[in-house]
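Below is one structure; the comments refer to it alone.
The values are calculated or read from the model by the stated rules, or taken from the named source; none is laboratory data. For clarity, every value in this text was computed on a predicted model and none was experimentally measured. All Cβ positions, glycine included, derive from the backbone under ideal geometry; neighbour counts span all protein chains shown. Note: accessible area is taken over every heavy atom of the protein model, side chains too, but ligands, DNA and RNA are not part of it. Shrake-Rupley method; radii C 1.70, N 1.55, O 1.52, S 1.80 Å.
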Amino acid sequence: MNRIVLPEQRPIYLDYQSTTPVDPLVVEAMLPYLTENFGNPASRSHSYGWSAEKAVERAREQVAAAIHADPREIVWTSGATEASNLAIKGAAHFYSGKGRHLITLRTEHKATLDTCRQLEREGFEVTYLEVQENGLVDLDVFRAALRPDTILASVLYVNNEIGVIQPMEEIGKMLREHKVLFHVDAVQALGKIPVDVEAIQADLMSLSAHKIYGPKGIGALYVRRKPRVRIEAQIHGGGHERGMRSGTLPTHQIVGMGAAAELAVQLMDSDSKRIRQLRDRLLVGITSQVEEVYINGDMEHRVPHNLNLSFAYVEGESLIMALKGIAVSSGSACTSASLEPSYVLRALGKSDELAHSSIRFGIGRYTTEEEIDATIALVAAKVGKLRELSPLWEMHLEGIDLNSVQWAAH
Amino acid sequence: MAYSEKVIDHYENPRNVGGFDKNDTSVGTGMVGAPACGDVMRLQIKVNEQGIIEDAKFKTYGCGSAIASSSLVTEWVKGKTLDEAMTIKNSQIAEELELPPVKIHCSVLAEDAIKAAIADYRSKNGGVASETH
Ligand SMILES: Cc1ncc(COP(=O)(O)O)c(C=O)c1O
């Protein structure tokens, strides 16, 4: 296997759900389309255009094959954010005569949630379904939310923060029975579990290349042809992509996505097997050395590439600071002035404290056993150190129930 | 979040971590903050017969700036009389640690912790009310 060698002193990369490096095989496939084969795929009058178009169509086949779709059902976009915007707004606008109600989950990616918020401002109604403590949606709750005017439901196949897999076949079947369109954000599913638009009866599906060892800035929307799903374009221009998404196609990016998708499917079994061993090693390693660690999200209906843990009695930002030797994401977004706990973990019913002190370990194609072992040692040492410093940990050891304490809130 | 070198120094080498017996009459304990707000500081002072703070210890649950603020004040209060310690201002802490505006509340909490520890000591020792409050 091709290896990407990172300089020694860089942090260990365990943030594969955030993004992935481009696989060297993918880079190799892309390069000629930046240099000698630079033509515009829309140029019909010369060979530069023809060879670019051929490459785009080959990539379309590769992406379609990865999700068991027809190549004519693939629309190129700039990424999954755009794909989800196009799918949800596009369908809502097109079918608004039929109804103006949509359903989604509280734990969706922002690309879906913020798009739904925008539709609410336009007068649509959106139901944000609660999930259970394990992160999975209850099918009865889902069914109960369906209304005669529901036109679309959008569900995240694999959650980007906690890796849980929703029961997509059951949801797809139920939505088809109710004639409600099914949009699936499969960004974190592709390459990790088998994705089949027929098996889950998806009508629309968002995909992104940079989570599957392809380049950033390219994604795709699957739009079902039978029965035909219609969407209103959100970007207008030269009428590319059968009018659904105008703009000159970035041939090299598309070639990269095609190659990445094909490779992801080829390597899925071997990658997943190895990654599962690493995930188990990480979990056992940490929990055997550190007490009061909580797993966020179901462990059974979950991709092995993700482990999300909360470390009680230590504060999230100091934990991230302590773990600067590893590149991970935390459940607190300390980007703004106030520390916002993850809305996904809050939706699971986690306290602010546990949401804040959560760490997402994302394991990927290039993660090694040595990196996992180094991570275990670092986490054990740093959590131990922070707990030495923590009055809450001391109180916990003394058997004091922190919920019974009257805190002088400020 | 970019931290100043001083914050990182206190965070990596916190001074005076630990605690004293809170039932000891020569000890004053101040616990401020709340877990849900993301920071809890416990500052303890040990006061000698001359009314001078001869030792101080802390434990903090909080971000790097909160840990650094409390570590710093344990150094500052040592050797001070209670009245002198009462004059420590959050702005001095923030300035010393070069805290960014979003972290000023950490220095406020550290000041509150000193005041709470002194108030606890005073209430244990005859309930002399704080003169400067
Ligand atoms: C589940 C999920 N959906 C959508 C996106 C957005 O994808 P993109 O970065 O291609 O816009 C991401 C990545 O951030 C994601 O993890």
**OP:** Normalising by the residue count of segment B:56-133, find the relative contact order in percent from Cα pairs under 8 Å and 6+ residues apart.
**Re:** 30
Subject >> Options A:Leu181, A:Gly237, A:Gln132, ranked by Cα towards positive dipole end of chain A, top entry (Cβ charges) >> reply: A:Gly237
**OP:** Count charges around B:Lys6 for me, please; just the other residues with Cβ under 10 Å from its Cβ, Lys/Arg as +1, Asp/Glu as -1.
**Re:** -4
**OP:** Express in whole angstrom the spacing between the alpha-carbon centres of segment B:61-120 and segment A:14-48.
**Re:** 55
Subject >> Cα gyration tensor shape for segment B:24-63, rounded if a/c is under 1.5, else prolate or oblate >> reply: prolate
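Hey, what did chain A get for relative contact order, percent, Cα under 8 Å, at least 6 apart?
21
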Subject >> For a label point 7 Å along the Cα-to-beta-carbon line of A:Leu139, residues of segment A:169-199 with backbone N under 13 Å >> reply: A:169-177
**OP:** Return the average number of partner chain Cβ atoms within 10 angstrom of each residue Cβ along peptide B:38-50.
**Re:** 3
**OP:** Find the relative contact order for chain B and round it to a whole percent, using C-alpha pairs within less than 8 Å whose residues are 6+ positions apart.
**Re:** 29
Original post:
Roughly speaking, what is the centre-to-centre gap between segment A:114-146 and segment A:344-409 when only Cα atoms are used, to the nearest Å?
Top reply: 30
Subject >> Helix-derived mean residue ellipticity, 222 nm - over the protein assembly as shown, DSSP H n ≥ 4, -39500 (n - 2.57), to 500 >> reply: -12000 deg cm²/dmol
Original post:
Near A:Lys89, which lysines are there with a Cα under 29 Å away, not counting those fewer than 8 places off in the same chain?
Top reply: A:Lys98, A:Lys110, A:Lys173, A:Lys179, A:Lys192, A:Lys211, A:Lys216, A:Lys226
**OP:** May I ask which residue of A:Ser318, A:Gly297, A:Leu307 lies farthest towards the positive end of the charge dipole of segment A:272-326, with charges of +1 (Lys, Arg) and -1 (Asp, Glu) on Cβ and the Cα centre as origin?
**Re:** A:Leu307
Subject >> Added length on full extension, which subtracts the Cα-Cα distance from 0.36 nm per residue, A:Glu370 to A:Lys54 >> reply: 109.5 nm
**OP:** Using the charge dipole of chain A (Lys, Arg: +1 at Cβ; Asp, Glu: -1 at Cβ; taken about the Cα centre), state which of A:Tyr213, A:Ser342, A:Ile162 has its Cα farthest towards the positive end.
**Re:** A:Tyr213
Subject >> Charge sum, other residues only, whose C-beta stays under 12 Å from A:Val180's C-beta, Lys/Arg counted +1 and Asp/Glu -1 >> reply: +3
**OP:** Give me a single rounded figure for A:315-324: the average over its residues of other chain Cβ atoms within 10 Å of their Cβ.
**Re:** 5
Subject >> Cα gyration tensor shape of segment A:260-373, rounded if a/c is under 1.5, else prolate or oblate by comparing a/b with b/c >> reply: prolate
**OP:** Note down the magnitude of the dipole of segment A:1-86 about its Cα centre, charges +1 on Lys and Arg C-beta and -1 on Asp and Glu C-beta and zero elsewhere, to the nearest 20 debye.
**Re:** 120
Original post:
Please identify the GluC sites (Glu not before Pro) of segment A:170-214 that satisfy two criteria: DSSP loop assignment and at most 11 other Cβ atoms within 10 Å. Which are they?
Top reply: A:Glu198
Original post:
To the nearest 100 Å², how much accessible surface do chains A and B hide from each other in total, with a 1.4 Å probe?
Top reply: 2400
Subject >> Local electrostatic count, A:Ala29, Cβ distance below 11 Å [Lys/Arg +1, Asp/Glu -1] >> reply: -2
**OP:** Just the number, please: carbon plus sulfur as a percent of the accessible area of segment A:270-410, 1.4 Å probe, no ligands or DNA/RNA counted.
**Re:** 51
**OP:** For the protein assembly as shown, give the magnitude of the charge dipole about the Cα centre (Cβ charges: +1 Lys/Arg, -1 Asp/Glu; no others), in debye to the nearest 20.
**Re:** 1780
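Ratio of alpha-carbon Rg to the 2.2 N^0.38 Å globular estimate for segment B:54-94, to two decimals, please.
Compared with the compact-globule rule of thumb, segment B:54-94 sits at 1.16.
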Original post:
So how strong a dipole does segment A:153-240 carry about its Cα centre when Lys and Arg Cβ are +1 and Asp and Glu Cβ are -1, to the nearest 20 debye?
Top reply: 320
Subject >> Two-decimal ratio, chain B, of alpha-carbon radius of gyration to 2.2 N^0.38 Å >> reply: 0.99
**OP:** Indicate the gyration tensor shape class of segment A:19-79 (rounded, prolate or oblate), computed on the Cα atoms with a ≥ b ≥ c the square roots of the eigenvalues: a/c under 1.5 is rounded; otherwise a/b larger than b/c is prolate and the rest oblate.
**Re:** oblate
